[in-house]
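The structure under discussion appears below in the form of structure tokens.
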Amino acid sequence: MAGKLKERQFYNVVTRKREMVPAGKIKVVKFKNGAYALKAVNDYSEKMFKLFAKDKLKSMEKKFGGKAKNYRR
């Protein structure tokens, strides 16, 4: 995979392609190990994640709505 993903672009492991996801379907989550990620759900109900640094947490919460929720499968 060449190049950097854009903010609303996620890599789908199943199809091995990049997907553009609407902002309404993206949420901020926190994993058990303390890492933060963006969680996106596509039209086929496949979950995709993209990790980001803790210092970007405030801006991501502002863009994608609300406080980061703890993620559970």
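So that you can scan it fast, the table gives a plain yes or no per residue for (1) more than 22 Å from A2 (Cα to Cα); (2) of a type in the set (D, E, K, R); (3) at pLDDT below 95; (4) loosely packed, with under 14 Cβ neighbours inside 10 Å:
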position: A23; (1), (2), (3), (4): yes, no, yes, yes
position: V28; (1), (2), (3), (4): yes, no, no, no
position: A35; (1), (2), (3), (4): yes, no, no, no
position: D55; (1), (2), (3), (4): yes, yes, no, yes
position: G65; (1), (2), (3), (4): yes, no, yes, yes
position: Y71; (1), (2), (3), (4): yes, no, yes, no
*So is M60 of a type outside the set (F, W, Y), over 18 Å from R73 (Cβ atoms) and in contact (Cβ under 8 Å) with a residue 24 or more places away in the chain or not?*
yes
*Hey, can you tell me all the residues within segment 52-67 that are assigned to a helix (DSSP H, G or I) and in contact with a Leu (Cβ under 8 Å, 6 or more places away or on another chain)?*
M60, F64
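The values are calculated or read from the model by the stated rules, or taken from the named source; none is laboratory data. Computed from a prediction, not measured in an experiment: that's the story for all the values here. As a convention, Cβ positions derive from the backbone with ideal geometry for all residues, glycine included, and neighbour counts pool all protein chains shown.
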